[in-house]
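The values are calculated or read from the model by the stated rules, or taken from the named source; none is laboratory data. A quick note: this is a predicted structure, and the numbers were derived from the prediction, not measured. Ideal geometry is used to build each Cβ from the backbone, glycine not excepted, and the neighbour counts take in all protein chains shown.
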Amino acid sequence: MDWDGHEGGIRFSVDREAFLRALLPQLNSLYSFSRWLTHDGDEAEDIVHDALSRVFLNGNCNLEGGEIRTYLFTIIRRTYINRLRRGRYEATSAGYPEDESTLSAPSEKGGFSELPPELLRQDLNEALAGLHPDSRSVVILADVEGFSVDEIAQVMNIPAGTVKSKLWRAHQALRKKLKVYQEPKGK
């Protein structure tokens, strides 16, 4: 395959350099989100590779503005769902993997950043794993990746009101499961 579009190769409608400039700042977040969905590093890499290859080869994305981020997360989620439908693997409720950096990501909207620092990673993983996969995706997109309600609605292909209610219910479930960290010390 000729990425430069030379004679005999494939012609692409997306400029390679512009695509890479728009993609690189999103790559870790895309992999992290895929890892949350699959709970498997190799599958997460495959999903990211497949999704990004499709975007680049189809050339049907707008590289201008902030739309690229939402679009890429949408493609990652759809690729994951398509693999589930094909029976490639089953959705699980296993905990999140080794990399802790995504759990400490700052959030302007609250969520994880409001949790006490002594929260054990294992407890958070268990609480997240207990959520329905769609609810877990909404929490990850909002609280870890910093997506707005409208952006999550676009990624998940659901109304913004549904995102708000899923997010509220997921936060309530997490608060209930992590209640021990909310009680005053010394009791």
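The figures follow:
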{"quantity": "Any hit, the stretch 7-26, residues being within 18 Å of ILE152 (Cα to Cα), at pLDDT below 90 and in a helix (DSSP H, G or I)", "calculated": "yes"}
{"quantity": "Looking only at the stretch 72-86, and only at residues there that are in contact with a Phe, Trp or Tyr (Cβ under 9 Å, 6 or more places away or on another chain) and under 13 Å from SER29 (Cα atoms), the one that is surrounded by the fewest Cβ atoms within 10 Å (Cβ to Cβ)", "calculated": "ARG77"}
{"quantity": "Pairs, first on the phi > 0 side of the Ramachandran plot in the stretch 29-44, second hydrophobic (A, V, I, L, M, F, W, C), C-beta under 8 Å, six or more apart", "calculated": "HIS39/ALA94"}
{"quantity": "Within the stretch 119-150, tally of residues that are modelled with pLDDT under 85 and among the acidic types (Asp, Glu)", "calculated": "2"}
